[in-house]
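**Student:** Got a structure for you, questions after.
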Amino acid sequence: MTYRELKRRYETGRLDRRSFLQGAAAVGALGAASVLAAPQAQARKKGGTMRMGKAHGQTTDTLDPGTAENGFTTALLYGVHGFMTEVGDDGSLRPGVAESWEASPDAKVWTFKLRPGVIFHSGKTLDASDVVASVNHHRGEESTSAAGPIVKPIKDIRTPDDMTVVFELEAGNADFPFVLSDYHLVIGPAKDGKLDWKSGDGCGAYRLTRFDPGVAAEFEKFADFWDDGRGFFDEIEMLCLVDLNARTTALVSGDVDAIDRLDLKTVGLLGRRPGVDIHSVAGNQHYTFAMSTNHDPYTDNNVRLALKHAVNREELVEKILFGYGTVGNDHPIGRGQRYYNDEMAQTSYDPDKAKYHLKQAGMDSLEVSLSASDAAFGGAVDAAVLFQNSAKEAGIDINVVREPNDGYWSDVWMKKPFSAVYWSGRPVEDQMFSTAYQTDAAWNDTFWSNERFDELLIAARAELDEAKRREMYYEMQAILNQNGGAIIPMFASWVFATTDKVGHGEFASNWDLDGERWMERWWFK
């Protein structure tokens, strides 16, 4: 057990003083006495208007949870809606509108008991029919939801009574409760048997009062929210500040109380300003260069391997992340995840190997265009230029196309054959693989298809033997490393800033900004 987990258990009353000290001594933790001397919970004041400046948001955003694809819409959904489960600040799974759940021995049938007394902003009381309509919104051939792949294994949904929902899966899935924490899978009100998403009605801590896509959203505290321990602000204003300078200036001038996606080149200077706190949280966020494997020349795996060996990963971590991250190995599983393949050789910058693979593809040189914009990730254009420079040594000419920030995700991502992309990662391996690498997944941005990978994905999902499951996930990472269409050169820590008047607890690492649950978890000191 880590010191962080010991501390959390002590502060929540699940560990007594003696056990905490014994455990802290065992892990060599310093400062345990200060934890004991401190109040068990920092005072959480209520009130005030929180203003957040987000590096996300575009005019094409909608309230349809199936279309959410950026940090702005993710935060909106988490603030307005309830979810069956949620990922806590320590990465563990916690109850949401479902207060408990249990699985059949083969993990194919999951029974969830709903929390009584959950009320929607419209005054309607949540029941099992709302859960069915909400999940079904992402199921079926007519659904265009990005969550389609992760709910596809659901074979049937039954409601024995108004407060019980039973999910029957095609095969066992030990991680199914984690699946239901996905930000697309909001639990909204049913209307004529379907999810009523257009109204913006939810059962979360905040009621949506304004939604101007690509500009701003405004919220007010919902007085009848079921959890008194969350939702401390009276009102919230979330602004789309995609331009980095505008976002940083807004924080420095006091126009906003927090911003995400800082300029890592100047984060040290920003942190020295009075009243500004810098936060860095390691997680599963990774930056990629996605190659469309259904588009020449990326149909040839030797071309893909040549490009993977033509990027200097260490240089990108140093010059783009400024040390706030680690080198990636062309698969999306983070070092802190359960089944991270630590046995696989690291793909290195090797111009000679890149030339070798070009020759295997029948080429002496290669010329490609790489689309990039800082809407993809901070420093994406600079990263593309560094890639351009390192690739020259391998006889590869990369033409960097600077795309506009606005509309990048609708007009460039999955439209241009080679583009810069950011992924926030997912709490479990199956969810990440199902969302972005399974054949025909809505967000399979490399249009990659591998029969062996798909077979392993289904088998690993149902496997309850940890050793066998680990072996499968290791192989899947190796397949992506050697055959996939995504160059994943770096994993980036979440780096964001708040004013010193913003209070908070431990930060979750599954998404940016405290798992994008800052609306309900933060407060003013």
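The values are calculated or read from the model by the stated rules, or taken from the named source; none is laboratory data. This is a predicted model, so every value here is computed, not measured. Using ideal geometry, Cβ is built from the backbone for each residue, glycine included, and neighbour counts are taken over all protein chains shown.
**Student:** Does the range 277-299 contain at least one residue that is hydroxyl-bearing (Ser, Thr, Tyr), in a strand (DSSP E or B) and more than 30 Å from residue 358 (Cα to Cα)? Spell out the reasoning first.
**Tutor:** Step one: list which residues in the range 277-299 are hydroxyl-bearing (Ser, Thr, Tyr), which gives 280, 287-288, 292-293, 298-299.
Those still in the list that are in a strand (DSSP E or B) too: 280, 287-288.
Going one step further and asking which of them are more than 30 Å from residue 358 (Cα to Cα), we end up with 280.
Yes: one or more hits.
**Student:** Kindly indicate which of 410, 371 is surrounded by fewer than 19 Cβ atoms within 10 Å (Cβ to Cβ), of a type in the set (S, T, N, Q) and within 19 Å of residue 56 (Cα to Cα).
**Tutor:** The unique qualifying residue is 410.
**Student:** In the range 310-335, which residues are free of Cβ contacts under 8 Å to residues at least 60 places away in the same chain and either in a loop (DSSP other than H, G, I, E, B) or in contact with a strand residue (DSSP E or B) (Cβ under 9 Å, 6 or more places away or on another chain) (or both)? Don't jump to the end; show me each part of the working.
**Tutor:** Filtering the range 310-335 for residues free of Cβ contacts under 8 Å to residues at least 60 places away in the same chain gives 314, 318, 322-323.
Across the range 310-335, the qualifying residues are 314, 322, 323.
**Student:** Report yes if residue 208 is of a type in the set (A, V, I, L, M), crowded, with 18+ Cβ neighbours inside 10 Å, assigned to a loop (DSSP other than H, G, I, E, B) and in contact (Cβ under 8 Å) with a residue 60 or more places away in the chain, otherwise no.
**Tutor:** The answer is no for residue 208.
**Student:** Can you tell me how many residues within the range 154-173 are closer than 27 Å to residue 437 by Cα, buried (at least 18 other Cβ atoms within 10 Å of the Cβ) and in contact (Cβ under 8 Å) with a residue 40 or more places away in the chain?
**Tutor:** The qualifying residues number 4.
**Student:** Hey, another quick one. Quick test of your reading of the structure: residue 417 fulfils all but one of (1) surrounded by 19 or more Cβ atoms within 10 Å (Cβ to Cβ); (2) at pLDDT below 95. Name the failing condition by number.
**Tutor:** Condition not satisfied by residue 417: (2).
**Student:** Here's something else I'd like to know. Kindly evaluate residue 400 against the criterion of being under 19 Å from residue 307 (Cα atoms), under 23 Å from the mean Cα position of the chain (by Cα) and of a type outside the set (Asp, Glu).
**Tutor:** Numbers: under 19 Å from residue 307 (Cα atoms): yes; under 23 Å from the mean Cα position of the chain (by Cα): no; of a type outside the set (Asp, Glu): yes.
Answer is no for this residue.
**Student:** With the structure loaded, tell me whether residue 366 is in contact with a Pro (Cβ under 9 Å, 6 or more places away or on another chain), within 18 Å of residue 289 (Cα to Cα), crowded, with 18+ Cβ neighbours inside 10 Å and in contact (Cβ under 8 Å) with a residue 40 or more places away in the chain or whether it fails that test.
**Tutor:** Yes: the conditions hold for residue 366.
**Student:** Looking at residue 306 and the list (1) surrounded by fewer than 17 Cβ atoms within 10 Å (Cβ to Cβ); (2) more than 21 Å from residue 512 (Cα to Cα); (3) aliphatic (A, V, I, L, M), which single condition is not satisfied?
**Tutor:** (1)
**Student:** To continue, here is another question. Going residue by residue through the range 140-153, is there one that turns out to be crowded, with 23+ Cβ neighbours inside 10 Å and touching a Cys at 6+ places or on another chain (Cβ under 9 Å)?
**Tutor:** no
Here's the yes/no breakdown for (1) of a type in the set (Ser, Thr, Tyr); (2) modelled with pLDDT under 95; (3) closer than 25 Å to residue 157 by Cβ; (4) crowded, with 22+ Cβ neighbours inside 10 Å:
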| position | (1), (2), (3), (4) |
| --- | --- |
| 49 | yes, no, no, no |
| 85 | yes, no, yes, no |
| 116 | no, no, yes, no |
| 125 | yes, no, yes, no |
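**Student:** Check off (1) under 20 Å from the mean Cα position of the chain (by Cα); (2) surrounded by fewer than 17 Cβ atoms within 10 Å (Cβ to Cβ); (3) not β-branched (Val, Ile, Thr) for residue 329 and give me the number that stays unchecked.
**Tutor:** Residue 329 satisfies all of (1) under 20 Å from the mean Cα position of the chain (by Cα); (2) surrounded by fewer than 17 Cβ atoms within 10 Å (Cβ to Cβ); (3) not β-branched (Val, Ile, Thr) except (2).
**Student:** Can you tell me which residue among 171, 190 is over 24 Å from the mean Cα position of the chain (by Cα) and modelled with pLDDT of 95 or more? Spell out the reasoning first.
**Tutor:** Values: 171 fails: modelled with pLDDT of 95 or more.
Within the list 171, 190, the selection yields 190.
**Student:** Then there is this: What's the total number of residues in the range 394-408 that are acidic (Asp, Glu), assigned to a loop (DSSP other than H, G, I, E, B) and in contact with an Asp or Glu (Cβ under 9 Å, 6 or more places away or on another chain)?
**Tutor:** Our first condition is that a residue be acidic (Asp, Glu); within the range 394-408, this holds for 397, 403, 406.
So of that shortlist, the ones also assigned to a loop (DSSP other than H, G, I, E, B) come out as 403, 406.
Then keep just the ones that are in contact with an Asp or Glu (Cβ under 9 Å, 6 or more places away or on another chain); that gives 403.
Matching residues across the range 394-408 total 1.
**Student:** While we're looking at this one, here's another question. Given the options 224, 263, 228, name the one that is in a loop (DSSP other than H, G, I, E, B), of a type in the set (Asp, Glu) and surrounded by 15 or more Cβ atoms within 10 Å (Cβ to Cβ).
**Tutor:** Checking each option against the conditions leaves just 263.
**Student:** Ok, one more. Might you check whether a residue that is at pLDDT 95 or above and within 21 Å of the chain's Cα centre (by Cα) occurs anywhere in the range 262-277?
**Tutor:** Checking the range 262-277: not a single residue is at pLDDT 95 or above and within 21 Å of the chain's Cα centre (by Cα).
**Student:** Among the candidates 174, 190, single out the residue that is closer than 30 Å to residue 456 by Cα and either acidic (Asp, Glu) or not assigned by TED's automatic domain parsing to the domain that holds residue 224 (or both).
**Tutor:** 174
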